Each structure stands twice: as C-alpha cells, then as structure tokens.
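A.B. asks: One structure, as structure tokens, below. Some questions next.
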Amino acid sequence: MLGCFPHPMTQRIAVIPGDGIGPEVARIGVRLLEALGLPLQFDWFDFGADRYLRDGTILPAGFVETVRRDYAAIYFGAVGDPRVPGNEHAKGILLAMRFELDLYVNLRPCLLMDDRLSPLKGKGRNELKFVVFRENTEGLYTGTGGVFKKGTPDEIAQEVEVNTRKGVERICEAAFQYAEQRGLRRVCMADKANVLVHGHGLWRRTFAEVAKRHPRAQGKAMYVDALAMDLVRQPEAYDVIVTNNLFGDILTDLGAALTGGLGIAASGNVHPGRVSLFEPVHGSAPDIARQGKANPLAMVLSGALMLEHLGHRREAQRLTRAVEDQVRSGARTPDLVPFLGPPASTTEQVGDELLARVSAAP
C-alpha cells in the first residue's frame, strides 16, 4: 500500500489504546493480529486521559523520535475524555504524531460489506466501494490564525487555511498511485475553487499536472458540495477521491454512513515507506465504555490496513475476509442491529467469533 514499509525480521508495533472504548477494542485487535503468526512485537503505552490526569504526561519528551527510530507502526485506539474538557491530551497525542511524523495521507476506505448496511435504495456492495485520500497535515487544521479583541462586540477570529504545492502534489500523487496499483480507473479531486480561488486554485492546477503523469487513470475535479450530493445519488461513479483536510473530514464521515457506520470505519494515517499510525475513526465513545457495546470491527480493519502497509498483504486480506464473514453471518454489537437484526452481542463475543474465524482460515 503506497510503498510498503521496509522491515527487519521482527516488526515492533507501538500500541496506544487511549481512552473510553479504546482499550476494549485495542485488546481484541492485538489478539487477532497475534493469531496470524507474524513476526510482530506489540509494546503497550498508557498515554491517555488517566495518565494525563495522574501526572500531566501527554507524550514524554523524545517519544515521537523513539517511534520514528524503533517502530514500524502505531496501532491506536481512541482519545477523548469528559474529565479533560478541552481534550488537551487528545490533541497533544494524536495531532502531534500526525504532524511530527508527517503522516500526510489519511486513508479511509468506504467499502460496503453487506447490502443490508446500505441506507441507499438500490445501492449495494457493487456500488459502494470507494476510497478517500484526505490531506492530513495542512489545510485548516494547522492552528494558524488568531483572535483579536476576544470577548468584545468587535471580536475578530481568523482561521488560516494552509496549502503548499508540496503538500497538494504528494497527496494527489499518492491517490493516483493507489488507483494504479489496484487497477482503479477514476480519481476525483474535491475542492471549492469557485470561491476559494487562491488555495483551491492551487489544488486544481496541481491535480491537473499530476493527472497528466498518470494517463491510465481518469482524473476529474469537482466542487465538494456537488460531490457530496453525487455520492448519495450515484456512489458507483467513484473509485478514489482526494481532497483537503477539512473536506476529507466531512466526506469520510458521509462515506462511513453510507457503508455501515463508524463502528466499521477504519483509517490509516500514512507516510509511505515510513512509520505510520492506524486507528478506528469512531472516537472514544465514553458513554458506552466498559459496557460491552463497543464494535471492535473498525479496530480490526485498521489492523488490516496496518498489515498491508507493513508488507503483509495476504494476512491483511485474511483479516478483512474474517470481518466480512462476521458482518454477514456472525454476532454483532448493538450499533449494527438496526441493519442486520437482533440479537445484540457483546464486544468480547464478537471478538471471540472473529478470532475463531481467523484461526480457522487457511
């Protein structure tokens, strides 16, 4: 996937389970990965709200450099806790690693695993299978901007969108390479260049230039509002979508809603060929933590993305097939009951069934 990670005999994985349901799904994810018999070593780290409230630690000094030097990947649960109202620890953990490790590709597969999960009439597995490449280190999420005369009637707040030629070109290149590697024909770039003429004009020009280097793929640019509408109307028209940080954040949640919900939505924060981070996108969901209601499938699918990044494509496919079988005919957590029917099972029950499927697979 996007240039596999060059690895020694044993690959070390940093596991950060985090907050809320993160530890519950991380335990199942690691257990399934261990069942594959690969030369992987899992090292657990307790960074999250509990550690932050206990001793003020977000990430220890030098931790990111240690990960960069000694680890092949990070397997991440979720962060966010109501005991930390500003979620300072979450920003300091996840965003710090995204930016400091330069994980510029946020990869979000939107793949329907069972027709019953589709909310769209007449659209099933054949139509709902696209992938979003979200630029992950620029845009409106850099924190560039400020507030003037805060708290007064004359307050001015500015949020500055950062777009660089380098950043735009490399995410577009990654999207085209992904399409070519998988025999996909269509790459669509989403922007709002009719209004954001400077930054998104850069996206238009750069995307067109990158598309010329990949004549086997069909490149198309669309305004993001038109694309969002079209994804509901005819999702089958899209294979790979590439866009900026903000629009990617929104479109990927739409993609998750079209393909079964956040409980089975996986993601990778990737720098091709370097240590990268893989996480489910459902968040920490503190309201259902420790109740056995958390869906572990997104964590498991994120593990499959991690395996592919590490060069273990066969095992990644084995894990993904087990999840597909589980969705179609196995135990399911409460979030999937409205689609697949009762009864609801616990997180552990789903994990146990998945483990049996993986262990029995050739």
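A.B. asks: Would you mind stating whether residue 320 is among the β-branched types (Val, Ile, Thr), closer than 25 Å to residue 285 by Cβ and open to solvent by 30 Å² or more (accessible area, probe 1.4 Å)? First the steps, then the outcome.
C.D. replies: Values: among the β-branched types (Val, Ile, Thr): yes; closer than 25 Å to residue 285 by Cβ: yes; open to solvent by 30 Å² or more (accessible area, probe 1.4 Å): yes.
Judged against the criteria, residue 320 is a match.
A.B. asks: Identify all residues within segment 341-358 that are assigned to a helix (DSSP H, G or I) and open to solvent by less than 20 Å² (accessible area, probe 1.4 Å); write none if there are none.
C.D. replies: First pass over segment 341-358, keeping only residues assigned to a helix (DSSP H, G or I): 347-358.
Residues satisfying the conditions are 347, 350, 351, 354, 358.
A.B. asks: Sticking with this structure for a sec: Among (1) free of Cβ contacts under 8 Å to residues at least 60 places away in the same chain; (2) surrounded by fewer than 24 Cβ atoms within 10 Å (Cβ to Cβ); (3) closer than 28 Å to residue 340 by Cα, there is one condition residue 256 misses while meeting the rest; what is its number?
C.D. replies: (1)
A.B. asks: What tally of residues in segment 323-340 results from selecting those that are β-branched (Val, Ile, Thr), open to solvent by less than 20 Å² (accessible area, probe 1.4 Å) and not in a loop (DSSP other than H, G, I, E, B)?
C.D. replies: So the first thing to find is which residues in segment 323-340 are β-branched (Val, Ile, Thr), and the list is 323, 327, 333, 337.
Those left that are additionally open to solvent by less than 20 Å² (accessible area, probe 1.4 Å): 323, 327, 333.
This time we only want the ones that are not in a loop (DSSP other than H, G, I, E, B), so: 323, 327.
Of the residues in that region, 2 qualify.
A.B. asks: Something else: For segment 236-273, which residues satisfy the criterion of being in contact with a strand residue (DSSP E or B) (Cβ under 7 Å, 6 or more places away or on another chain), within 19 Å of residue 176 (Cα to Cα) and either small (Gly, Ala, Ser) or in a helix (DSSP H, G or I) (or both)?
C.D. replies: Result: 245, 247, 248, 251, 252, 267, 268.
A.B. asks: Also: So for segment 39-56 (the condition being buried (at least 19 other Cβ atoms within 10 Å of the Cβ), part of a strand (DSSP E or B) and within 22 Å of the chain's Cα centre (by Cα)), does at least one residue qualify?
C.D. replies: Yes, some residue in segment 39-56 is buried (at least 19 other Cβ atoms within 10 Å of the Cβ), part of a strand (DSSP E or B) and within 22 Å of the chain's Cα centre (by Cα).
A.B. asks: Hey, any hits in segment 225-248 for a residue that's within 17 Å of the chain's Cα centre (by Cα), among the aliphatic types (A, V, I, L, M) and open to solvent by 40 Å² or more (accessible area, probe 1.4 Å)?
C.D. replies: yes
A.B. asks: Let me ask something else about it. So is residue 91 at pLDDT 95 or above and farther than 30 Å from residue 314 by Cβ or not?
C.D. replies: In short, no.
A.B. asks: Which members of segment 65-88 meet the condition of being open to solvent by less than 20 Å² (accessible area, probe 1.4 Å) and at pLDDT below 90?
C.D. replies: Residues of segment 65-88 that are open to solvent by less than 20 Å² (accessible area, probe 1.4 Å), as a first pass: 67, 71-78, 80, 84.
Selection gives nothing.
A.B. asks: Could you pull out the residue among 345, 267 that is under 25 Å from residue 71 (Cα atoms) and not hydrophobic (A, V, I, L, M, F, W, C)? Reasoning before the result, please.
C.D. replies: Numbers: 345 fails: under 25 Å from residue 71 (Cα atoms).
After ruling out the rest, the residue left standing is 267.
A.B. asks: Checking the conditions here, which among 59, 40 is farther than 19 Å from residue 294 by Cβ, at pLDDT 95 or above and in contact with a helix residue (DSSP H, G or I) (Cβ under 9 Å, 6 or more places away or on another chain)? Reasoning before the result, please.
C.D. replies: On the way: 59 fails: at pLDDT 95 or above.
When all the criteria are applied, what remains is 40.
A.B. asks: Name the pairs whose Cβ atoms lie under 7 Å apart, with the first residue in segment 266-282 and within 11 Å of residue 73 (Cα to Cα), the second open to solvent by 10 Å² or more (accessible area, probe 1.4 Å) and charged (D, E, K, R), and 6 or more positions between them or separate chains?
C.D. replies: 269/98; 271/102; 275/68
A.B. asks: Within segment 74-121, restricting attention to residues that are aromatic (Phe, Trp, Tyr) and touching a residue at least 60 places away in the same chain (Cβ under 8 Å), which residue is farthest from residue 43 (Cα to Cα)?
C.D. replies: Step one: filter segment 74-121 for residues aromatic (Phe, Trp, Tyr), giving 75-76, 99, 104.
Imposing the further condition that a residue be touching a residue at least 60 places away in the same chain (Cβ under 8 Å) reduces the set to 75-76, 104.
On the way: 75: 10, 76: 12, 104: 24 Å.
Here the residue is 104.
A.B. asks: Further question: Can you run down the residue pairs with Cβ atoms below 9 Å, 6 or more apart or on separate chains, where the first is in segment 180-203 and free of Cβ contacts under 8 Å to residues at least 12 places away in the same chain and the partner is hydroxyl-bearing (Ser, Thr, Tyr)?
C.D. replies: From residues that are free of Cβ contacts under 8 Å to residues at least 12 places away in the same chain, the pairs are 195/223.
A.B. asks: For a quick check of your reading: which strands (runs of 3 or more DSSP E) sit entirely within segment 94-212 and have at least 2 residues that are surrounded by fewer than 18 Cβ atoms within 10 Å (Cβ to Cβ)? Lay out the reasoning, then the answer.
C.D. replies: Values: elements: 105-111, 129-135, 145-148, 156-159, 186-191.
Ranges flagged: 145-148, 156-159.
A.B. asks: Which one of these is over 20 Å from the mean Cα position of the chain (by Cα) and over 29 Å from residue 91 (Cβ atoms): 155, 161, 169, 209? Walk me through how you get there before you give the answer.
C.D. replies: Numbers: 155 fails: over 29 Å from residue 91 (Cβ atoms); 161 fails: over 29 Å from residue 91 (Cβ atoms); 169 fails: over 29 Å from residue 91 (Cβ atoms).
After applying the criteria, what remains is 209.
A.B. asks: Just one of the numbered conditions (1) in contact (Cβ under 8 Å) with a residue 12 or more places away in the chain; (2) more than 30 Å from residue 183 (Cα to Cα) is not true of residue 69; which one?
C.D. replies: (1) is the only condition that residue 69 fails.
A.B. asks: What is the residue count in segment 282-299 for residues that are open to solvent by less than 30 Å² (accessible area, probe 1.4 Å) and in contact with a Pro (Cβ under 9 Å, 6 or more places away or on another chain)?
C.D. replies: 6
A.B. asks: Could you go through segment 13-26 and let me know if any residue there is of a type in the set (D, E, K, R), open to solvent by 50 Å² or more (accessible area, probe 1.4 Å) and modelled with pLDDT of 95 or more.
C.D. replies: Within segment 13-26, the subset of a type in the set (D, E, K, R) is 19, 24.
Among the residues that remain, those that are also open to solvent by 50 Å² or more (accessible area, probe 1.4 Å) are: none.
No; the residues of segment 13-26 include none that is of a type in the set (D, E, K, R), open to solvent by 50 Å² or more (accessible area, probe 1.4 Å) and modelled with pLDDT of 95 or more.
A.B. asks: Also, quick follow-up: Go through (1) among the charged types (D, E, K, R); (2) in a loop (DSSP other than H, G, I, E, B); (3) touching a strand residue (DSSP E or B) at 6+ places or on another chain (Cβ under 8 Å) one by one and return the number of the condition residue 216 breaks.
C.D. replies: (3)
The values are calculated or read from the model by the stated rules, or taken from the named source; none is laboratory data. The model shown is predicted, which means the values in this text are computed figures rather than measured ones. Note that each Cβ is placed from the backbone with ideal geometry, even for glycine, and that neighbours are counted across all protein chains shown. Remember, those area values only see protein heavy atoms, side chains included, never the ligands or the DNA or RNA. Shrake-Rupley method; radii C 1.70, N 1.55, O 1.52, S 1.80 Å.
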